[in-house]
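Enquirer: Quick one: the structure is below, questions incoming.
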Amino acid sequence: MKLSPLQIARYQYAPKLPGMLRNGISEISVRNGEPTSSVADQEKIAALFPNTYGKNEITFQKGENTSEAKKLTVGVILSGGQAPGGHNVVSGLYDALKALSPENVLIGFKGGPSGLLDNDFIIFEDDYINAYRNTGGFDIIGSGRTKLETQEQFAIVVENCKAHGVNALVIIGGDDSNTNAAVLAEYCAAHNTGIQVIGCPKTIDGDLKNEDIECSFGFDTATKTYSEIIGNIQRDANSAKKYWHFIKVMGRSASHVALECALETQPNICLIGEEVAAKKMSLAQVADQIADSVAARAARGWNFGVAIIPEGIVEFVPEFSVLIAEINELLAGTKADAFNALPTWNDKYTFIKNGLTEASFGVFDILPENIQQQLFLERDPHGNVQVSLIESEKLFSALVKDNLAARKAAGTYNGKFSALHHFLGYEGRCAFPSNFDADYCYSLGYNAAMLIQYGYTGYLSKVSNLSKPAEEWVAGGMPITKMMNIERRHGADKPVIRKALVELEGAPFKFFAENRAEWAVETAYLYPGAIQYYGPTEVCDLTTRTLALEKA
């Protein structure tokens, strides 16, 4: 297979480890921290996790390695959507296991959790691992979204692991995957299986974070990739001077990606879903805010601009959330079949009008017809609207167009408005990882092996102090249950990792809020350019603007 020059060069990159992990395996000891408790619902979480709840946070430090010498056979899976750096988690885990003992074995289960259930696996060796070092994607073993959550599934996983002599599993995934890791760890402990379970924090959406987990891996690379494209679009907009570009970016449940891209590029508009929800803004109010920028720039002769829209923005609009809930109820059970059997959109429109409350139909009726129809596309496995299929970038450009038409009729606007639309999603999920993500992910994997060697289970691999050079990073682990609370899911109370939303009192949002009025009117664009892998440290090893502001 022919390789690109960058592929060849990246294979040779040696990821940087935190200082205490560079001492050599024999000189890594453990410092115990305080016992932990869950972020909420402590009694309920403790009752659900009697064997893994309340454990101490731990930090690795220089000192005598007091772990028990033993052969380790470790299984690993990649779970959920791709994120740059996943291959380096596996590489770091492999290298640490081999440094502990050449006899140790790493087994990759293919296709995510389903590989554990189907016993579909590969035993890693040097040549295979070396072909994936510092590369993007999850193709080393593939990924999947099968949930491990039933007693029957856990029993199959244990049976398959025991068949290979596996004494530990590493689950690389997001909040749902690591919730499943915590439940599996509890099952294994309760049944004395001898199988440890360790999680690694992955998601480009950035919503798996807290005071301990400063950043999920992949967020750095994905937002830098999107920001490069946004910067290129801004340069084009400022050259052509005739289009407004509406750019949707990933982020279904939180607006971290949109905010980071805005901090990197300084667009005219960036919507933050958490602010929309806090202010209880309507669709009309959001459209009015964007139209204000369009009109102000038009008054200066600038009929162009850039607006960043988070993927899940509509779910943060209160009136839209109510509409979604009513549609879900309207099409519950067999009623969906009756709706789908209607021959024309006019028939379906009448069905919808008769089934919604007056307030929700009022919201529905202001939507462009193509957006109305998107609300009734294929449902998710639970029968709910797939909000991610809604083209919110086209929704808001259409609402802004109507708003501007009304202003023109009133004589308060006399500009031109032509919109172009973009969705940045898959472009960022499998990019070559930045130096930061290459280093961070390798450290997470290496650190996971040390957690296993020391006998921990139900822990998340944790590397912190990430705004500093890698030498100053701090490695350790935290019980996954510390991040959990009880949420209502599909009609039942479930223990889940709490998603981290954009904090409106946090430094990144405050910086954005202090500057956005200027950005809305001026052409203050930044052009971050492509990710740099080789060159000055201050260019190549930059952390995200979000992390820099949080740790300033």
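Enquirer: Being within 26 Å of residue 9 (Cα to Cα) and of a type outside the set (Lys, Arg) narrows it down to one residue among 84, 113; which is it?
Expert: Values: 113 fails: within 26 Å of residue 9 (Cα to Cα).
The conditions single out 84.
Enquirer: Another question, if that's okay. From (1) closer than 30 Å to residue 426 by Cα; (2) touching a residue at least 60 places away in the same chain (Cβ under 8 Å), pick out the condition that doesn't hold for residue 119.
Expert: (2)
Enquirer: Something else: Could you look through region 17-29, keep only residues that are in a loop (DSSP other than H, G, I, E, B) and in contact with a Phe, Trp or Tyr (Cβ under 8 Å, 6 or more places away or on another chain), and pick out the one that is surrounded by the fewest Cβ atoms within 10 Å (Cβ to Cβ)? Write out each step before concluding.
Expert: Kept after step one, since they are in a loop (DSSP other than H, G, I, E, B), are these residues of region 17-29: 17-18, 22-24.
Within this subset, residues satisfying the condition of being in contact with a Phe, Trp or Tyr (Cβ under 8 Å, 6 or more places away or on another chain) are 17-18.
Working: 17: 22, 18: 25.
Looking at the filtered set, the residue picked out is 17.
Enquirer: Let me ask another. Hey, among 51, 32, which residue is among the polar types (S, T, N, Q), within 17 Å of residue 480 (Cβ to Cβ) and either at pLDDT 95 or above or assigned to a helix (DSSP H, G or I) (or both)? Quick ask: steps written out before the conclusion?
Expert: Working: 32 fails: within 17 Å of residue 480 (Cβ to Cβ).
That would be 51, the only listed residue that is among the polar types (S, T, N, Q), within 17 Å of residue 480 (Cβ to Cβ) and either at pLDDT 95 or above or assigned to a helix (DSSP H, G or I) (or both).
Enquirer: Taking region 92-116 on its own, how many of its residues are crowded, with 24+ Cβ neighbours inside 10 Å and of a type in the set (Ser, Thr, Tyr)?
Expert: Of the residues in region 92-116, 1 are crowded, with 24+ Cβ neighbours inside 10 Å and of a type in the set (Ser, Thr, Tyr).
Enquirer: Could you pull out every one of the helices (runs of 4 or more DSSP H) wholly within region 356-474 that has 2 or more residues that are in contact with a helix residue (DSSP H, G or I) (Cβ under 9 Å, 6 or more places away or on another chain), in contact (Cβ under 8 Å) with a residue 24 or more places away in the chain and farther than 23 Å from residue 270 by Cβ? Steps first, please.
Expert: Values: elements: 358-365, 369-374, 392-409, 435-453.
Passing ranges, in order: 358-365, 369-374, 435-453.
Table: residues versus (1) charged (D, E, K, R); (2) surrounded by fewer than 20 Cβ atoms within 10 Å (Cβ to Cβ); (3) touching a strand residue (DSSP E or B) at 6+ places or on another chain (Cβ under 9 Å).
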| position | (1), (2), (3) |
| --- | --- |
| 344 | no, yes, no |
| 359 | no, yes, no |
| 369 | yes, yes, no |
| 391 | yes, yes, yes |
| 396 | no, no, yes |
| 421 | no, yes, yes |
| 425 | no, yes, yes |
| 428 | no, no, yes |
| 435 | no, no, no |
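Enquirer: Would you mention how many residues in region 209-233 are closer than 20 Å to residue 426 by Cα and either over 11 Å from the mean Cα position of the chain (by Cα) or part of a helix (DSSP H, G or I) (or both)?
Expert: Final tally of qualifying residues: 15.
Enquirer: Additional query: Return yes or no: is residue 329 at pLDDT below 90, in a helix (DSSP H, G or I) and of a type outside the set (Lys, Arg)?
Expert: Values: at pLDDT below 90: yes; in a helix (DSSP H, G or I): yes; of a type outside the set (Lys, Arg): yes.
Considered against the rule, which asks whether it is at pLDDT below 90, in a helix (DSSP H, G or I) and of a type outside the set (Lys, Arg), residue 329 comes out as yes.
Enquirer: Next up: Would you point out the residue of region 75-96, among those that are in a strand (DSSP E or B) and of a type in the set (A, V, I, L, M), that is nearest to residue 23 (Cα to Cα)? Before the answer, list the steps.
Expert: Pass one, region 75-96, residues in a strand (DSSP E or B): 75-78.
Add one more test, that the residue is of a type in the set (A, V, I, L, M), and what stays is 76-78.
Values: 76: 25, 77: 28, 78: 28 Å.
Filtering first and then ranking leaves 76.
Enquirer: Determine, yes or no, whether residue 332 is touching a residue at least 12 places away in the same chain (Cβ under 8 Å), under 19 Å from residue 386 (Cβ atoms), surrounded by fewer than 15 Cβ atoms within 10 Å (Cβ to Cβ) and not basic (Lys, Arg).
Expert: Spelling it out, residue 332 is indeed touching a residue at least 12 places away in the same chain (Cβ under 8 Å), under 19 Å from residue 386 (Cβ atoms), surrounded by fewer than 15 Cβ atoms within 10 Å (Cβ to Cβ) and not basic (Lys, Arg).
Enquirer: Look through 459, 527, 454 and report the one residue that is over 21 Å from the mean Cα position of the chain (by Cα) and closer than 17 Å to residue 33 by Cα.
Expert: Working: 459 fails: over 21 Å from the mean Cα position of the chain (by Cα); 527 fails: closer than 17 Å to residue 33 by Cα.
Answer to the selection: 454.
Enquirer: Right, another one. Need pairs with beta-carbon distance below 9 Å; first residue in contact (Cβ under 8 Å) with a residue 24 or more places away in the chain and within region 17-43, second among the hydroxyl-bearing types (Ser, Thr, Tyr) and exposed (fewer than 13 other Cβ atoms within 10 Å of the Cβ); sequence gap 6+ or separate chains.
Expert: Matching pairs, first to second residue: 29/66; 30/66.
Enquirer: Right, something else. Looking at region 97-108, which of the residues that are in contact with a helix residue (DSSP H, G or I) (Cβ under 6 Å, 6 or more places away or on another chain) and assigned to a helix (DSSP H, G or I) is farthest from residue 434 (Cα to Cα)?
Expert: Filtering first and then ranking leaves 100.
Enquirer: OK, next. Condition first: under 20 Å from the mean Cα position of the chain (by Cα) and either assigned to a helix (DSSP H, G or I) or of a type in the set (Gly, Ala, Ser) (or both). Now tell me which residues in region 113-146 satisfy that.
Expert: Within region 113-146, 113, 136, 137, 142, 143, 144 meet the criteria.
Enquirer: Are any residues in region 253-280 buried (at least 20 other Cβ atoms within 10 Å of the Cβ) and over 19 Å from the mean Cα position of the chain (by Cα), and if so, which ones?
Expert: Selection gives 265, 266, 267, 268, 269, 276.
The values are calculated or read from the model by the stated rules, or taken from the named source; none is laboratory data. Given the structure is predicted, the values throughout are model-derived calculations rather than measurements. Glycine gets a Cβ as well: all are built from the backbone with ideal geometry, and neighbour counts include every protein chain shown.
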